[in-house]
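Undergrad: Quick one: this structure, given as structure tokens, is what I'll be asking you about.
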Amino acid sequence: WDEKGGKIWMDGEFVDWKNANIHVLSHVVHYGSSVFEGLRCYENPNGSAIFRLNEHVERLFESAKIYKMPIPFSKTEVSDAIKDVVAINNLNSCYIRPIAYRGYKELGVSPLNCPVNVNIAAWEWGTYLGDEAMENGVDIGVSSWRRLAPDTMPSLAKAGANYMNAQLAKLEAIENGFDEAIMLDYHGFVGEGSGENIFLVKDNVIHTPSLSSSILKGITRDSVIKIAEDLGYDVLEEKIPREMLYLADEVFFSGSAAEVTPIRSIDKIEIGSGKRGSVTEKIQSEFFSIVDGKTEDKFNWLSYIEY
Ligand code: PMP
């Protein structure tokens, strides 16, 4: 990590990776006051393109709106800066992390006097849950930690502080020998992973938790729904009881980092045939065909980088 070079965009300026620091008394360090995004850029025969750039920038601003955090740049400026970070670092396939946070001015819970800073970094990042997982699937466990209750922390905001909850679930999963956790919502219905949305397939119908299950409104989730419907599947967004996961023919995760990752077991119960299922494979293959430029970008999801 220390060896990574290149430049990080900090409030309009490019700063060397090793000098991209903030003050230890910044509000965000003490009170978790950040909102952020994670995007991927994919290299394909036509160039390198960021996947669903506009939707990510839109969600960043929505997260900031919930927290009354005025971002001192326009959406166009942030989108342009995201593309510039990839271009200036000469990256092709990479992960991009824009973050807006309450910075350095004074401490105390109220963020109102603290500036809002915006930083954007990018680096090469392979598959999130491992190359082998893309084909064979991951083993996950239902966490004893629940998702945020709807009247505690808003889960439609992609806020840094939400990931303390996610970390508890992830740590527990690792300790129990699982690759990832799945959390139930406050009412005991299926929610999401520590950094992924979840889908299940039963009798050729696709089900995914609705937004009322304290989940992030994932952009890959939306992409999966559009791809699946385009392939002719019905997709139901609904409350999902835990045991429906065990009885599913197929289960898979979606996320910008995780992309489309099959799940082969949950709580040590084999899902379907214990391998990537055929519906998962079709959706995964369509997703990668679009980002890898093998099929036409019919949903207009790719924003090409100009170097
Ligand atoms: N849920 C959580 C908690 C996440 O962190 C992520 C990753 N951003 C997702 C779902 C998937 O969202 P997206 O597809 O927009 O990356």
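The values are calculated or read from the model by the stated rules, or taken from the named source; none is laboratory data. The structure displayed is predicted, hence computed values, not measured ones. A quick note on method: Cβ atoms are made from the backbone with ideal geometry, for glycine too, and the neighbour counts reach across all protein chains shown.
Undergrad: All but one of (1) assigned to a strand (DSSP E or B); (2) surrounded by 21 or more Cβ atoms within 10 Å (Cβ to Cβ); (3) touching a Gly at 6+ places or on another chain (Cβ under 9 Å) hold for Thr280; which doesn't?
TA: Only one criterion is unmet by Thr280, namely (1).
Undergrad: Return only the number of the condition from (1) closer than 16 Å to Asn89 by Cβ; (2) touching a residue at least 12 places away in the same chain (Cβ under 8 Å); (3) not in a loop (DSSP other than H, G, I, E, B) that Lys4 does not satisfy.
TA: Result: Lys4 fails condition (3) only.
Undergrad: So, one more: Taking the stated definitions as given, is Glu132 in contact with a Cys (Cβ under 7 Å, 6 or more places away or on another chain), under 23 Å from Ser256 (Cβ atoms) and without any contact (Cβ under 8 Å) to a residue 60 or more places away in the chain?
TA: no
Undergrad: Right, next: May I ask you to verify whether Ser303 is more than 14 Å from the ligand (Cβ to nearest atom), in a strand (DSSP E or B), of a type in the set (Ser, Thr, Tyr) and at pLDDT 95 or above?
TA: Values: more than 14 Å from the ligand (Cβ to nearest atom): yes; in a strand (DSSP E or B): yes; of a type in the set (Ser, Thr, Tyr): yes; at pLDDT 95 or above: yes.
Yes; evaluated as a whole, the condition is true for this residue.
Undergrad: Also, I was wondering about something else. Exactly one of these conditions fails for Ser256: (1) touching a residue at least 40 places away in the same chain (Cβ under 8 Å); (2) closer than 20 Å to Leu156 by Cα; (3) more than 16 Å from the ligand (Cβ to nearest atom). Give me its number.
TA: Here Ser256 meets the rest and fails (3).
Undergrad: For the range 16-44, what are the residues that are under 13 Å from Ser93 (Cβ atoms) and either assigned by TED's automatic domain parsing to the domain that holds Ser254 or not basic (Lys, Arg) (or both)? Quick ask: steps written out before the conclusion?
TA: So the first thing to find is which residues in the range 16-44 are under 13 Å from Ser93 (Cβ atoms), and the list is 39-44.
Matches in the range 16-44: Leu39, Cys41, Tyr42, Glu43, Asn44.
Undergrad: Also: Which residues, counting only those in the range 24-54, are out of contact with any helix residue (DSSP H, G or I) (no Cβ under 6 Å at 6 or more places or on another chain) and of a type in the set (Lys, Arg)?
TA: Once the filter is applied, which keeps residues that are out of contact with any helix residue (DSSP H, G or I) (no Cβ under 6 Å at 6 or more places or on another chain) and of a type in the set (Lys, Arg), the range 24-54 yields only Arg40.
Undergrad: Turning to a different aspect of this structure: Tell me which residues, restricted to the range 279-289, are of a type in the set (S, T, N, Q) and in contact with a strand residue (DSSP E or B) (Cβ under 8 Å, 6 or more places away or on another chain).
TA: Thr280, Gln284
Undergrad: OK, next. I'd like the full set of residues that are surrounded by fewer than 21 Cβ atoms within 10 Å (Cβ to Cβ) and either within 9 Å of the ligand (Cβ to nearest atom) or within 20 Å of Ala166 (Cβ to Cβ) (or both), limited to the range 215-226.
TA: Lys217, Asp222
Undergrad: Restricting to the range 188-206, and then to whatever is more than 18 Å from Gly137 (Cβ to Cβ) and surrounded by fewer than 24 Cβ atoms within 10 Å (Cβ to Cβ), can you tell me which residue is farthest from the ligand (Cβ to nearest atom)? Steps first, answer last, please.
TA: Going residue by residue through the range 188-206, those that are more than 18 Å from Gly137 (Cβ to Cβ) are 188-189, 191, 203-205.
When the remaining residues are screened for being surrounded by fewer than 24 Cβ atoms within 10 Å (Cβ to Cβ), the result is 188-189, 203-205.
Working: Gly188: 18, Phe189: 15, Asp203: 26, Asn204: 24, Val205: 21 Å.
For the range 188-206, the residue satisfying everything is Asp203.
Undergrad: Going through the range 16-46 one residue at a time, which ones are within 16 Å of the ligand (Cβ to nearest atom) and either without any contact (Cβ under 8 Å) to a residue 24 or more places away in the chain or touching a Cys at 6+ places or on another chain (Cβ under 8 Å) (or both)?
TA: Matches in the range 16-46: Arg40, Cys41.
Undergrad: A follow-up question, please. Picking from Glu229, Glu243, Glu172, which residue would you name as being within 16 Å of the ligand (Cβ to nearest atom) and acidic (Asp, Glu)? Can you show your working first?
TA: On the way: Glu229 fails: within 16 Å of the ligand (Cβ to nearest atom); Glu243 fails: within 16 Å of the ligand (Cβ to nearest atom).
Only one candidate qualifies: Glu172.
Undergrad: Determine whether Met153 is surrounded by fewer than 22 Cβ atoms within 10 Å (Cβ to Cβ), within 15 Å of the ligand (Cβ to nearest atom), among the aliphatic types (A, V, I, L, M) and in the same structural domain as Ser285 (by TED's automatic domain parsing).
TA: It is true that Met153 is surrounded by fewer than 22 Cβ atoms within 10 Å (Cβ to Cβ), within 15 Å of the ligand (Cβ to nearest atom), among the aliphatic types (A, V, I, L, M) and in the same structural domain as Ser285 (by TED's automatic domain parsing).
Undergrad: Enumerate the helices (runs of 4 or more DSSP H) found wholly within the range 47-145, keeping only those where 3 or more residues are surrounded by fewer than 17 Cβ atoms within 10 Å (Cβ to Cβ) and within 16 Å of the ligand (Cβ to nearest atom).
TA: Ranges flagged: 53-66.
Undergrad: A follow-up question, please. Six or more apart or on different chains, Cβ atoms under 8 Å: show the pairs whose first residue is in the range 275-291 and closer than 13 Å to Ala248 by Cβ and whose second is surrounded by fewer than 19 Cβ atoms within 10 Å (Cβ to Cβ) and aromatic (Phe, Trp, Tyr).
TA: Val279/Tyr233
Undergrad: For Phe288, are the conditions met, namely being closer than 29 Å to Asn89 by Cβ, modelled with pLDDT of 95 or more, of a type in the set (Phe, Trp, Tyr) and surrounded by fewer than 19 Cβ atoms within 10 Å (Cβ to Cβ)?
TA: Here the answer is yes, as Phe288 does meet what is asked.
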